[in-house]
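Below: one structure, written as structure tokens.
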Amino acid sequence: VIVPCSFREAPYFVMNGQAKVGLFIDLENIRYELLKRGREFDPQRLIQKARKYGLVKVAYAYADFTKQPELLQGKFEAAMIKRVDVPLRQRDDGHLQSSADLHMVMDIFETVLFNDDIETFILGTGDKDFTRASAMLVNRFGKRVVICGVPGSISQVLVDSATVVDSLDPDEHGFGELDMRVAGWLDWMSDHWDHPMYMGIVRY
């Protein structure tokens, strides 16, 4: 089955089952941007999008998974996306710092060096910090880079560095009004309450 894909410079056709794809998800960027729009991230939606470009050979999601709902973690297993747990670190000034981006970049380049058959790299993010990695994949390694971020949150320089943008559709990640209100409340709790009991409620 030949699937047409609209790329910026020219139409490109991939043969399902032959072209190999690597998927890398900046979960904190994607999920929190969707939550702002009253949506919850569904890994199955992104893995389905990745399959349009070929066989997904590797798929990783990066975050501090102690801060993510257990139900969401189970959905990654169902989608065959490996969770890479990157705990937040507390800086000297008391603020929390994430190194998930660094881990994701390292895995991207390890993949490109040791998996010659992967021609398409799908980056689930809108963060401009991945611009250099995207540009390197395109211009130094001759790879195809697809940016799958949330519309309205994708950096323009990241767009310029990639081959194509195939944005997530927030409507595909929707849930009801009550769910949306509860999710917003829990998101606020995770940022403002650090008591173990409250954090247990948030994770549940």
Exercise for review: Describe numerically, in nm with one decimal, the distance between label points set 7 Å from Cα along Cα→Cβ at Asn115 and at Leu71.
Suggested key: 3.0 nm
Exercise for review: Step through the residues of the stretch 56-64 one at a time and calculate ³J(HN,Hα) from phi using the Karplus curve (6.51 cos²θ - 1.76 cosθ + 1.60, θ = phi - 60°), rounding each to whole Hz and writing x for Gly and Pro.
Suggested key: 7, 7, 9, 8, 9, 10, 10, 4, 7
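Which pairs break 29 Å Cα to Cα here: Lys67/Lys143; Lys36/Lys143; Lys20/Lys67; Lys49/Lys143?
Lys67/Lys143; Lys36/Lys143; Lys20/Lys67
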**Study point:** Cut-off under 5 Å, modelled amide H: who pairs with Val165 long-range
**Key:** Ile147
Check your understanding: Once you put a point 7 Å from the Cα of Arg37 and another 7 Å from the Cα of Gln156, both along the Cβ direction, what distance in nm separates them?
Key -> 2.0 nm
Practice item. Apply the Karplus parameterisation 6.51 cos²θ - 1.76 cosθ + 1.60, with θ equal to phi minus 60°, to every residue of the stretch 109-114 and state each ³J(HN,Hα) to the nearest whole Hz, in sequence, with x for glycine and proline. Key: 6, 5, 5, 5, 7, 10
Study note, to complete from the structure: Residues whose built amide H sits under 5 Å from the amide H of Val86, excluding neighbours closer than 5 in sequence, are Ala63, Asp64, Phe65
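What length, rounded to one decimal in nm, is gained on full extension from Phe141 through to Leu88, with 0.36 nm per residue of separation minus their alpha-carbon distance?
Details: separation 53, 0.36 × 53 = 19.08 nm, distance 3.16 nm.
The span from Phe141 to Leu88 would gain 15.9 nm if fully extended.
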Exercise for review: Kindly write out, for the stretch 27-33 in residue order, the coupling ³J(HN,Hα) from the Karplus curve 6.51 cos²θ - 1.76 cosθ + 1.60 (θ = phi - 60°), rounded to whole Hz, with x marking Gly and Pro.
Suggested key: 4, 5, 5, 5, 5, 5, 5
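Values quoted throughout were computed directly from the atomic coordinates according to the rules given, and no laboratory measurement underlies them. This is a predicted model, so every value here is computed, not measured. Every residue, glycine among them, receives a Cβ derived from its backbone with ideal geometry; neighbour counts consider all protein chains shown.
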